[in-house]
Amino acid sequence: MKIIKIAANVVSSLYRRVFALLLLFASINAAGPQASAAQLLQQASPRPGPTIGRAAVEFQLQTLEGKSINLESYRGKPLVLNFFASWCDPCRDEMPLINELAGNSDKGNYRVLGVAVEDSRAALDEYKKESHLIFPMALDLNNTVKRSYRIFGPPATFFIDAQGVLRDMVLGPLTRERALDGLGKTAAAPKN
Amino acid sequence: MKLFSFDRQKHIAIYLACGLLAACSADLAPFGESGGRAEPVRFGAEISLGSAQANPAAPFLRAAPNGRLFAVWTEDTAHRGPKGSEHAAHHASGKMAPSPMRNLLLAASTDGGTTWSSAKRINRNNEAIQAEENGPKIAFSADDRAYAVWSIPGEKGDKTRANIRFAMDDGKGGFSAARTLNEVKDTARFPIIEFSPDGNLLIAWIDRRIDNPKPRQLYLMRVSTDGQALTKNYSAGEGLCECCKLGMAFADGGKTVYLVDRQVNEKQIRNHMLRKSTDGGASFGAPVEISDDGWQVGSCPHSGPSLGRDSRGWLHVSWFTLGRSESEAGIYYSVSKDGGKSFAPRRLVQANTAPEVLYNNLAVGADDTVYLAWTNLDPENRAQIFFRTIGADGRWGEIQQLSRAKGDASRPMLALSKKNLHVAWTETDGETSRAVLRSAPISQ
């Protein structure tokens, strides 16, 4: 009898262990591979992206001329922050407009900064010369600023007011209307 | 703890219920058609290609019919002027060359990617050879002759109004002088080159000679193995996304040609299409949508699809999409088992770990195993190379991280030689870059 009892206890214990293992396996299988992309994104992206009406995302960059700049450097005047690349067709299409905005920036009391993504200094130097670009540019080395601004591909333009608050953003090519609208929201005085 | 005081019958019932649940969850899982996981692939150590001081980038791999593995990549070169010494001085400062000029280098390995021959320059003249998504490609004829294509900016330096260059093994240990393939100047980029089983080379690219209405056209050209143009440039389709690489595969001894591209429609939705030719690439039927992802984006994804065909004639495609919302973003895979008439519903290879365009590549082994490599972000927000397999039996392998880049790792390229699988990629850190290779033995 005693042997039977011991055997029964062993079997019972075995059942418990197998059950616990199965439960664990089932929960891993259910929550692991089936975890949606949304869940994974939420887990992995604790930092919020740019939000209109909130402080713009901080950045640290160096212009092509070697000057260190950050968001704070632009306090006091609205900023048009344009992400582009020398290889990007829609960026090239909108670049005359960005250049025009830069040309009017003194009168309009705002500033323009170009941030090149996935590009090289050499390519930017060429692009600047070739397209007669007149605004300051910085290379986004290691894509840190692009990532913090959650950009899925250039071009993208952000309108930041004099206090560093994001007032508007255009993900994709910028039009004249959207540019004037965005600048208007920063209380800059754009020239038509 | 109360759970463990149940009697034996209840345990048995729960045991069965759990078994059922486990079985069901395996069925519902997005990976692993037949449940279990394939064995991980054992990769060797990293090997750097090229000269570290010259910022090697954009590696592309291809095995020749004789089994030798070849790699091509770009390296920065001196100013276009005669003052070559500026190059070295600049690199001593640790910064990227101030000139956009790059060389295209070629090296070979006879031991499965472990050691490499000294690099040979393909381009005779200094050119601003493009890299990243628009990197150089190489193909081999049946008699192991090498053919290379690459893109250079147009006359005014515009990378988006570019030209396709072509050079071939000159039979004397070097390469012929490069010539431009696009007949209309400053209109072509994103070239791919493949040696067709019919004995000729087929070259495809994205063209903008008809610049309005946008978007771009798919252009092809057929070239003989002695470098003679067999056709003029000809259009094989339109509506292409302007900055995403193409993919090509053959069947029926070269009579059937498959091409994949990212399309863009008038609403800026960028789904992928397969185009099929049954006359050796002379003409193509209506494109077949691979997946209705619905990614609407006016900007440049700069990330094209990848295509492979297995011995059963199945077509395998991988791509990146953000889908209809950021929550769908990731690398996806689909297969066509009917020669490209239809595709199975897309399956997630890996979800984006952060908002980022990811890059992917796919290769198919002789045993029909599908090898997938792509980029994604690690917990430190650095882009790394990831990898997994899909066995011929449908079993999905675990995701493996292949790179440990200090900066970013990007644009993986896969190739298969007789007994090995190879993955190459570019690592950038600040203004420097390196071309990296890892190889793994495989049985096929």
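The values are calculated or read from the model by the stated rules, or taken from the named source; none is laboratory data. As the structure is a computational prediction, the values presented were derived from the model and not from experiment. When we count neighbours, we look across all protein chains shown, and the Cβ atoms used for this are built from the backbone with ideal geometry, even at glycine.
Just a few scattered comments:
- Within segment B:363-381, the set of residues being surrounded by 20 or more Cβ atoms within 10 Å (Cβ to Cβ), without any contact (Cβ under 8 Å) to a residue 60 or more places away in the chain and more than 17 Å from B:Ser439 (Cβ to Cβ) comprises B:Val364, B:Trp374, B:Thr375, B:Asn376, B:Leu377.
- Verdict on B:Glu427 being crowded, with 20+ Cβ neighbours inside 10 Å, closer than 20 Å to B:Asp293 by Cβ and of a type outside the set (A, V, I, L, M, F, W, C): no
- The condition (being closer than 18 Å to A:Ala116 by Cβ, surrounded by fewer than 22 Cβ atoms within 10 Å (Cβ to Cβ), of a type in the set (Ser, Thr, Tyr) and without any contact (Cβ under 8 Å) to a residue 60 or more places away in the chain) is satisfied by just one residue among A:Ser68, A:Ser86: A:Ser68.
- Qualifying positions in segment B:315-331 - touching a Ser or Thr at 6+ places or on another chain (Cβ under 8 Å), among the small types (Gly, Ala, Ser) and more than 7 Å from chain A (Cβ to nearest Cβ): B:Ser318
- Close contacts from segment A:157-177, counting a first residue that is outside the structural domain of A:Asn99 (by TED's automatic domain parsing) and closer than 19 Å to A:Glu94 by Cα and a second that is of a type in the set (Val, Ile, Thr) and not in a strand (DSSP E or B), with Cβ to Cβ under 8 Å and a gap of 6+ residues or different chains, come to none at all.
- Condition broken by A:Leu183, with the remaining ones in (1) more than 8 Å from chain B (Cβ to nearest Cβ); (2) surrounded by fewer than 21 Cβ atoms within 10 Å (Cβ to Cβ); (3) touching a residue at least 40 places away in the same chain (Cβ under 8 Å) satisfied: (2)
- Failed item in (1) more than 9 Å from chain B (Cβ to nearest Cβ); (2) modelled with pLDDT under 95, with A:Phe159 passing the rest: (2)
- Set side by side, the residues B:Ser235, B:Ser299 differ, and just one is more than 20 Å from the chain's Cα centre (by Cα) and either more than 29 Å from B:Ala373 (Cβ to Cβ) or aromatic (Phe, Trp, Tyr) (or both), which is B:Ser235.
- Residues being hydrophobic (A, V, I, L, M, F, W, C) and more than 26 Å from B:Ala282 (Cα to Cα) - total across segment B:156-202: 2
- Meeting the requirement of 1 or more residues that are within 14 Å of another protein chain (Cβ to nearest Cβ), the strands (runs of 3 or more DSSP E) wholly within segment B:151-255 are B:188-195, B:201-207, B:216-223, B:234-240.
- Selected residue [modelled with pLDDT of 95 or more and farther than 22 Å from B:Ala236 by Cβ] from B:Ala162, B:Ala167, B:Ala139, B:Ala204: B:Ala167
- The requirement of being surrounded by fewer than 16 Cβ atoms within 10 Å (Cβ to Cβ) and away from every other protein chain (no Cβ under 14 Å) is fulfilled somewhere in segment A:133-150, by at least one residue.
- Single condition B:Arg312 does not satisfy, out of (1) under 19 Å from the mean Cα position of the chain (by Cα); (2) of a type in the set (D, E, K, R); (3) away from chain A (no Cβ under 14 Å): (1)
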